[in-house]
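S.K.: Take a look at the following structure, please.
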Amino acid sequence: IRPPVVPSGITSGMRPSTAYVLVQLAKPQPGDILVDAMCGGGAALIEAAYSHGCIAIGGDVDNELQTTLLQSVQQAKDMSKNKAVAELAWWGAPKLPFVDGSVDIVVL
């Protein structure tokens, strides 16, 4: 087992080790669309996009997290030489903007 890819200093909320386990339990495959409905600082986004080759989409209702999230997404793209796909949105988790069957994995 390898260590989590997310450095502790860039994310807030979820510990990188917890993000690692959360994504591992979801058993994502490369190309899966993974949605983190309450992504906080983006730890699970980086883990899914960088380590598993997922298309990671994250959102949160907290606008104060924008800077941290943008840094997290940029970090995933930098670490993967722009191969990681991670996108952000601002939403409330009860009403996610996806049609049925369009997402492979949802993590909270």
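The values are calculated or read from the model by the stated rules, or taken from the named source; none is laboratory data. Predicted, not measured: the structure shown is a model, and the values here were computed from it. All Cβ positions, even for glycine, are placed from backbone atoms using ideal geometry, and neighbour counts span all protein chains on display. Note: areas computed on protein heavy atoms with side chains; ligands, DNA, RNA excluded. Shrake-Rupley method; radii C 1.70, N 1.55, O 1.52, S 1.80 Å.
S.K.: Given a 1.4 Å probe, how much area per residue of the range 32-93 is accessible, in Å²?
M.R.: Values: 2670 Å² over 62 residues.
That works out to 43 Å² for each residue.
S.K.: Shape of the chain from its Cα gyration tensor (a ≥ b ≥ c, root eigenvalues): rounded if a/c is under 1.5, otherwise prolate when a/b > b/c, or oblate?
M.R.: Judged from the Cα gyration tensor, the chain comes out rounded (a/c under 1.5).
S.K.: Expressed as a whole percentage, what fraction of the accessible surface of the range 32-93 belongs to carbon and sulfur atoms when a 1.4 Å probe is rolled over the protein heavy atoms?
M.R.: Accessible surface attributable to carbon and sulfur in the range 32-93 totals 50 percent.
S.K.: Another one. Report relative contact order for the chain in percent, whole number only (criteria: Cα-Cα under 8 Å, sequence separation at least 6).
M.R.: The value is 30 percent.
S.K.: Next question. Which aspartates and glutamates, on any chain, are close to residue 77 with Cα under 16 Å apart, when same-chain ones fewer than 8 places away are left out?
M.R.: Those aspartates and glutamates meeting the cut-off are 47, 87.
S.K.: In addition: Mind checking the range 72-108 for trypsin sites (Lys or Arg not before Pro) that DSSP puts in a loop (not H, G, I, E or B) and that have at most 15 other Cβ atoms within 10 Å?
M.R.: Hits after loop and neighbour filter: 81, 83, 95.
S.K.: Net charge within 9 Å of residue 50 by Cβ-Cβ distance, Lys/Arg positive one each and Asp/Glu negative one each, not counting residue 50 itself?
M.R.: With Lys, Arg at +1 and Asp, Glu at -1, the net is +1.
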